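Have a look at the structure below before the remarks.
The values are calculated or read from the model by the stated rules, or taken from the named source; none is laboratory data. Being a predicted model, the structure only gives us computed values, none of them experimental. Methodologically, a virtual Cβ is constructed for each residue, glycine included, from the backbone with ideal geometry; neighbour enumeration extends over all protein chains shown.
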Amino acid sequence: MSQPDLTRPLAKLLSDSRLRHEFIRDPAGVAHRLAFSPATIASLQELDTRLLEQQARSLLGKRRFEVSRILPRTWHHLGDDAPDLFNEFALEAAWPTGHRRHLLDAAAFCIFLGDRADSIESARIRFTSADRRFALARVGGHGRRGFLMLLRWRNTVRSWLLFTGRSD
């Protein structure tokens, strides 16, 4: 008998905290509900749930680290609240996949943060993660306000920042 492929079921459990916690309470029920094969169900029931939770925390930490590198100004501005805010975001947000997953995660985190994200950084990241060729964003912070113009030209992103005054 061949071994079941646990890649997809484990990916689901590691990336979805609610599903993982439900699985820890009722492994057979979750496995049956997700229509896994009997061999997969049997293998999943043998998992050490403490190790599953530890691996999920490790992956969340890597995800958080990658986003903090993409959004250094926002992360710095959030200070000690940054990790907890990211964890709150990660509970609700789907884990992006593919080679642009960290960029997409950073853009979604900016949307989640709203006004708490650095406006210039947020506009750049959201533009870079989208397929648009042009964007004009109103930006502000640190007592200044202005506009950020973004243009995608020959596979590069160009930007111009125009300060229009002080925000009092």
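Annotations
- Counted residues, segment 21-47 - those being without any contact (Cβ under 8 Å) to a residue 12 or more places away in the chain, closer than 25 Å to PRO96 by Cα and of a type outside the set (A, V, I, L, M, F, W, C): 3
- Residue match in segment 82-99 (condition: over 30 Å from PHE23 (Cβ atoms) and not small (Gly, Ala, Ser)): no
- Among the residues listed as ARG18, ARG69, ARG73, the single one being surrounded by fewer than 15 Cβ atoms within 10 Å (Cβ to Cβ), touching a residue at least 40 places away in the same chain (Cβ under 8 Å) and under 28 Å from ARG145 (Cβ atoms): ARG73
- Of the numbered criteria (1) farther than 30 Å from PRO9 by Cβ; (2) touching a Phe, Trp or Tyr at 6+ places or on another chain (Cβ under 6 Å), the one VAL67 fails is (1).
- The set of residues in segment 128-149 being touching a helix residue (DSSP H, G or I) at 6+ places or on another chain (Cβ under 7 Å), more than 22 Å from ARG166 (Cα to Cα) and of a type outside the set (Ser, Thr, Tyr) consists of ALA135 alone.
- Of ARG57, ARG18, ARG63, all but one fail to be closer than 20 Å to TRP95 by Cβ, not hydrophobic (A, V, I, L, M, F, W, C) and not assigned by TED's automatic domain parsing to the domain that holds HIS102; the exception is ARG18.
- Residue match in segment 48-58 (condition: free of Cβ contacts under 8 Å to residues at least 24 places away in the same chain, surrounded by 11 or more Cβ atoms within 10 Å (Cβ to Cβ) and of a type in the set (D, E, K, R)): yes
- Some residue of segment 84-93 being without any contact (Cβ under 8 Å) to a residue 24 or more places away in the chain, outside the structural domain of PHE127 (by TED's automatic domain parsing) and crowded, with 17+ Cβ neighbours inside 10 Å: no
- Residue check for LEU104: under 30 Å from ALA137 (Cβ atoms) and surrounded by 14 or more Cβ atoms within 10 Å (Cβ to Cβ): yes
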